[in-house]
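The values are calculated or read from the model by the stated rules, or taken from the named source; none is laboratory data. Just so you know, these numbers come straight off a predicted model, no measurement behind them. Note that we place each Cβ from the backbone using ideal geometry, even for glycine, and neighbour counts take in every protein chain shown.
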Number of protein chains: 2
Amino acid sequence: MTILGEPERASMKTAIPGPRTEELRARHGRHQDASTVHVYQDAKRSVGNYLVDVDGNVMLDVYAHIAALPVGYNHPNLLGALRSGRFDWAAGFRPALGVAPPVEWVELVESTLMRIAPRGLTKLVTVTTGSEAVENAIKAAFIRHARVRRGGAAPSAAELAACMENAQASANAMQVVSFEGGFHGRTLGALSLTRSKVIHKLDIPAFAWPKVRFPDVRFPLEEHAAENRASEARSLEELEATLKAGKGNIAAVIIEPIQGEGGDRHASAAYFTAIRTMTRAYDVAFIVDEVQTGGGATGALWAHAAWGLEDPPDIVTFSKKMQLGGYYSTEDYAAREAYRIFNTFLGDPFRGAQLEVIVEIIERDGLLDAASTTGALLVSELVDLGARHPSIVSGARGVGLFAAIDARDPEAQARLLDALRQRGLEVGGSGTRSIRFRPALVFGPRHVAEAIGILEDACKTIA
Amino acid sequence: MTILGEPERASMKTAIPGPRTEELRARHGRHQDASTVHVYQDAKRSVGNYLVDVDGNVMLDVYAHIAALPVGYNHPNLLGALRSGRFDWAAGFRPALGVAPPVEWVELVESTLMRIAPRGLTKLVTVTTGSEAVENAIKAAFIRHARVRRGGAAPSAAELAACMENAQASANAMQVVSFEGGFHGRTLGALSLTRSKVIHKLDIPAFAWPKVRFPDVRFPLEEHAAENRASEARSLEELEATLKAGKGNIAAVIIEPIQGEGGDRHASAAYFTAIRTMTRAYDVAFIVDEVQTGGGATGALWAHAAWGLEDPPDIVTFSKKMQLGGYYSTEDYAAREAYRIFNTFLGDPFRGAQLEVIVEIIERDGLLDAASTTGALLVSELVDLGARHPSIVSGARGVGLFAAIDARDPEAQARLLDALRQRGLEVGGSGTRSIRFRPALVFGPRHVAEAIGILEDACKTIA
């Protein structure tokens, strides 16, 4: 899995952000919000795990465009496929996939998207982003909830009239349960489920949907076994009370396998299995939001595969590494009337065609096993780092390459992030004090060693 | 503007849908909703205005993937740009444009996206679809509304805590006004604004936002001048009453220049100018939704340019022909804090890079003027068609190529649509009885003649 042309290591020419980045930020900021930009990228010179910025800085990238880089920058097989004309069917116009899809789309659905579908899920809706994936997933849950409630009867004339006035009482009473610290997107439906940060939610109207505490699992797990179990039990009790109180109106429960924005919080397979059992008992959709965890980082294409559920989730959402958004569902959650789940583009076949090549690379190069092995090495090195610098770094944890450490507090998090970037590690925060690792699947042992070296140096300087 | 390799005319080999389409529908339908598909397309053989389907049928396309085809199929300049490596910067990975944008993105924003910006609008947010464009536009309006209301004060601790519980009363009371028959998307915020069809809204929770009647303008305009003026006046009165009743809580009014899903309903420049004046007086955002009208079909890149507003709209949304979604706004409606309007991808630079070439083609080939001229020819021919077949076709209307006719009722609409498709015209409905024309900008006089010939034949057969 060596990538042709990948730099040997990070090398810094300027402070981050550099002067060329700041010039571009000033230009860019005249029209778009440029304040969130880490660096402007030299897209064509970036290769594999290394981002090259416009100041000539070469950075080892463990943030990977917010976990959206499956096989690194400019993988030769992706560029080769582009050159060979393999994507031409998807590049000469942008089709409405629900109206006149290219025949290649059907082949892509069958040979790639359904081949990698989570076990037990046979239906697929494609859209373009994670927010749209979640919006449509909950729509599917509402539609199915109403169908079951009507028991085969048609909607009443009063309901049909009321929905056009935004006043269909039976629909407006429907709810989706999400978890404190969860992140599910930023459009108004998805945002009503997001519970991670004030800046996302302030001043935006929200549906009055209930929230349940997420377990406060501590690491290392073996040292905190009893309190972790108790914390999970409390969360499950709260969920059951919420389902009981909202009975008849709750259409779905949505949860991330690992809270990817809310501080990389984890929970056990037993916990998630209990939610599956409970949602089945209350007959509400169990939606697993794999927008950030899906696509291979955890060592499996779907993080929830590790739970070993006998009864699969009802709906699994995706985006990011998958390059287009969407969700898989059971037959029961597929809409039965045309146009209820629909939009103009329904995804982008160009990114879908790239996904086909990406999946080929993942399979050919054994990148899922590599993510498991390299990820275990990364987490064990992060644990050791914490042992060497306990006042700076703690709570090392991860599944595969989906890993994190904690700083002391938000101020220490910001200092550590800056120190790492100055040393050539492109990295991002999670929650209020964690540092997240979301490298591409081509992140290997030599990249772990380099990242740990940079972390070590940063810890020494900060100490 | 002749397109190399474009077929000379439509030619049909089978009924529509043909046997190969039905085979593919059966395969596709195992995993996705395939019931909405007109035909499966031979993407690489489709050229210019002609869609080639998998049964070898060549159809003249005036639906154009729900108005999303700016320069037809496989324009040689787009394919040439792909081959020459011009899109390589955007094709070797899918970036998070808010984190590490390629330098080419800044150039694209400046040299294309801002160069074609509606007059008076200096700020830009890019996303991926029309629904996301609308969701983020209304978020911008809510955020600005709250900022003005606070008069520079920081949000209270109580507000910050409440928003995390979906219980920020001041935000939850905020509203956006939309119009009966309007279509603004299908995610939960956008869907609360959509008022066109029951099938979009049934069983989905909605915000209790108010609706105003859209004018019921009749064509030909000169025959209905007095009643049209009265109808617009009634709509404006209703809007003013709504703004008065919701004073302090209404953050925005959103409207399409032509109702693109709700039956191709039009209104006068004076009507829209009055809305601009009224929204200014009540200090609420005037959002013009140009997802379907934008990108050139009306003979201008932005349909609202024809209103001659001195005071521009606050926000203009786009998607479809623009190939990526987003909105332009004034400085006043730009978020002032990082991450309030944000998501992972913030659009797709590959489709943005294609837009750059598309705009070059539009300018070089004078496609806006052509859309005006050819559109005027199309509408005049549709008027004549209606005169020849008054019991079948009426209400011919259009601005540029954005045109429509009415059938008698929904049943007649369905019959006419089918008769047209059987004769090689790929076409779509609008509202309950209209036929919409949304051809690509490369639709020329010879295509008008061919389309009218097919319409004539269909009308004769149905009569």
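A few comments on the model shown:
- Among the numbered conditions (1) more than 14 Å from chain A (Cβ to nearest Cβ); (2) in contact with an Asp or Glu (Cβ under 8 Å, 6 or more places away or on another chain); (3) basic (K, R), the only one that B:R364 does not meet is (2).
- Only one of the numbered conditions (1) within 22 Å of B:G130 (Cα to Cα); (2) of a type in the set (A, V, I, L, M, F, W, C); (3) surrounded by fewer than 24 Cβ atoms within 10 Å (Cβ to Cβ) is not met by A:A117, and that is (1).
- Filter pass, B:P215 being within 12 Å of chain A (Cβ to nearest Cβ) and in contact with a helix residue (DSSP H, G or I) (Cβ under 7 Å, 6 or more places away or on another chain): no
- Subset of the range A:280-313 that is assigned to a loop (DSSP other than H, G, I, E, B) and more than 18 Å from the chain's Cα centre (by Cα) - its residue that is surrounded by the most Cβ atoms within 10 Å (Cβ to Cβ): A:V284
- Only residues that are surrounded by fewer than 24 Cβ atoms within 10 Å (Cβ to Cβ), of a type in the set (G, A, S) and under 17 Å from the mean Cα position of the chain (by Cα) were counted across the range A:166-185, and they come to 2.
- Among the residues of the range B:437-463, the one identified as more than 20 Å from B:G48 (Cβ to Cβ) and not in a helix (DSSP H, G or I) is B:A463.
- Residues located in the range B:203-225, provided they are among the small types (G, A, S) and at pLDDT 95 or above: B:A206, B:A208
- Among the residues of the range A:419-436, the ones that are free of Cβ contacts under 8 Å to residues at least 60 places away in the same chain and either surrounded by fewer than 19 Cβ atoms within 10 Å (Cβ to Cβ) or not in a strand (DSSP E or B) (or both) come to 2 in all.
- Boolean, B:S192 is touching a residue at least 12 places away in the same chain (Cβ under 8 Å) and either more than 7 Å from every other protein chain (Cβ to nearest Cβ) or surrounded by fewer than 24 Cβ atoms within 10 Å (Cβ to Cβ) (or both): no
- The set of residues in the range B:84-108 that are more than 9 Å from every other protein chain (Cβ to nearest Cβ) and under 18 Å from A:D348 (Cβ atoms) contains only B:L108.
- Entirely in the range B:123-202, the helices (runs of 4 or more DSSP H) that have 2 or more residues that are among the hydrophobic types (A, V, I, L, M, F, W, C), touching a Ser or Thr at 6+ places or on another chain (Cβ under 8 Å) and at pLDDT 95 or above: B:130-150, B:188-193
- Flag if B:D332 is surrounded by 21 or more Cβ atoms within 10 Å (Cβ to Cβ) and more than 12 Å from chain A (Cβ to nearest Cβ): no
- Selection of the range A:6-25 for residues being out of contact with any strand residue (DSSP E or B) (no Cβ under 7 Å at 6 or more places or on another chain), without any contact (Cβ under 8 Å) to a residue 60 or more places away in the chain and outside any helix (DSSP H, G or I) yields A:E8, A:K13, A:T14, A:P17.
- Scan of the range B:249-270 for residues that are surrounded by fewer than 24 Cβ atoms within 10 Å (Cβ to Cβ), under 20 Å from the mean Cα position of the chain (by Cα) and either within 18 Å of B:A140 (Cα to Cα) or hydroxyl-bearing (S, T, Y) (or both), ordered by number: B:S268
- Residue list for the range B:53-70, restricted to those being closer than 20 Å to B:T129 by Cβ, more than 7 Å from chain A (Cβ to nearest Cβ) and of a type in the set (A, V, I, L, M): B:A64, B:A67
- Some residue of the range B:393-411 being more than 23 Å from the chain's Cα centre (by Cα) and under 25 Å from B:I358 (Cα atoms): no
- Index of the failed condition, B:I199 passing every other in (1) within 7 Å of another protein chain (Cβ to nearest Cβ); (2) buried (at least 16 other Cβ atoms within 10 Å of the Cβ); (3) over 17 Å from the mean Cα position of the chain (by Cα): (2)
- Filter result (buried (at least 24 other Cβ atoms within 10 Å of the Cβ) and on the phi < 0 side of the Ramachandran plot) within the range B:62-77: B:V62, B:Y63, B:A68, B:L69, B:P70, B:V71, B:Y73, B:H75
- Restricting the range A:111-121 to residues that are more than 7 Å from every other protein chain (Cβ to nearest Cβ) and of a type outside the set (K, R), the residue that is farthest from B:V127 (Cα to Cα) is A:G120.
- Residues being under 26 Å from the mean Cα position of the chain (by Cα) and either of a type in the set (G, A, S) or surrounded by fewer than 20 Cβ atoms within 10 Å (Cβ to Cβ) (or both) - total across the range B:11-61: 7
- Boolean, B:S111 is surrounded by fewer than 24 Cβ atoms within 10 Å (Cβ to Cβ) and closer than 21 Å to B:S319 by Cα: yes
- Some residue of the range B:201-222 being free of Cβ contacts under 8 Å to residues at least 12 places away in the same chain, touching a Phe, Trp or Tyr at 6+ places or on another chain (Cβ under 8 Å) and assigned by TED's automatic domain parsing to the domain that holds B:H266: yes
- Residue match in the range B:271-279 (condition: crowded, with 23+ Cβ neighbours inside 10 Å and within 14 Å of chain A (Cβ to nearest Cβ)): no
- Meets criteria (of a type outside the set (S, T, N, Q), in contact with a Lys or Arg (Cβ under 6 Å, 6 or more places away or on another chain), more than 8 Å from every other protein chain (Cβ to nearest Cβ) and under 30 Å from A:E6 (Cβ atoms)) for A:A81: no
- Residue within the range B:180-189 that is more than 24 Å from A:E132 (Cα to Cα) and either more than 8 Å from chain A (Cβ to nearest Cβ) or not hydrophobic (A, V, I, L, M, F, W, C) (or both) present: yes
- Candidate set from the range A:132-162 (those that are over 28 Å from A:P313 (Cβ atoms) and within 9 Å of chain B (Cβ to nearest Cβ)); member that is surrounded by the fewest Cβ atoms within 10 Å (Cβ to Cβ): A:A161
- Scanning the range B:109-120 for residues that are in a helix (DSSP H, G or I) and without any contact (Cβ under 8 Å) to a residue 40 or more places away in the chain gives B:V109, B:E110.
- Residue in the range A:120-127 that is closer than 30 Å to B:P76 by Cα and surrounded by 15 or more Cβ atoms within 10 Å (Cβ to Cβ) present: yes
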